[in-house]
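Report on one structure; see the data block that follows.
The values are calculated or read from the model by the stated rules, or taken from the named source; none is laboratory data. Bear in mind the structure is a predicted one, so any value in this text is a computation, not a measurement. Positions of Cβ are generated from backbone atoms using ideal geometry, with glycine treated the same way; all protein chains shown enter the neighbour counts.
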């Protein structure tokens with residue numbers, strides 16, 4: 001087995017689209033996904049799993065039914081399963097999402113922003 005380090009800057013340079021998570025690593029049944037975000041996403045929830053958002057560069061907000069939380073570079077949040085939420089970023093932000101394999105980015109909703117699963121870079 002060979003060991004490989006992962007460079008976020010290098011991985012982010014390989015794509016430009018927004019709201020399309022790219023898998024960079026797997027840990028048991030969980031995937032580490034990099035994504036560039038900008039503007040509004042859709043309201044959705046994930047019935048079966050929590051979802052972690054880590055801001056690598058920039059800032060983002062997540063709107064919940066009762067509050068909005070803003071995350072800066074170096075901050076993270078875990079959205080509990082079943083919690084309706086809507087991420088957004090006024091300027092482009094680079095984030096990492098950690099969630100189980102095969103989780104649809106739009107959760108319970110199908111939309112033009114629904115991205116393919118299991119895209120590795």
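Among the strands (runs of 3 or more DSSP E) lying completely within the stretch 1-100, list those that include at least 2 residues that are under 13 Å from the mean Cα position of the chain (by Cα).
Per the criteria, 22-27, 30-40, 51-57, 59-64, 76-79, 85-100.
Of the numbered conditions (1) more than 13 Å from the chain's Cα centre (by Cα); (2) modelled with pLDDT under 95; (3) on the phi > 0 side of the Ramachandran plot, residue 109 satisfies every one except a single condition; which is it?
(3)
Looking at this structure, is residue 118 modelled with pLDDT under 95, assigned to a loop (DSSP other than H, G, I, E, B) and on the phi > 0 side of the Ramachandran plot?
yes
May I ask you to list the residues in the stretch 7-51 that are without any contact (Cβ under 8 Å) to a residue 24 or more places away in the chain and more than 21 Å from residue 80 (Cα to Cα)?
Within the stretch 7-51, 7, 9, 10, 13, 16, 17, 25 meet the criteria.
Do you know which residues across the stretch 44-93 are exposed (fewer than 14 other Cβ atoms within 10 Å of the Cβ) and under 23 Å from residue 6 (Cβ atoms)?
72, 74, 75, 76, 78, listed by residue number.
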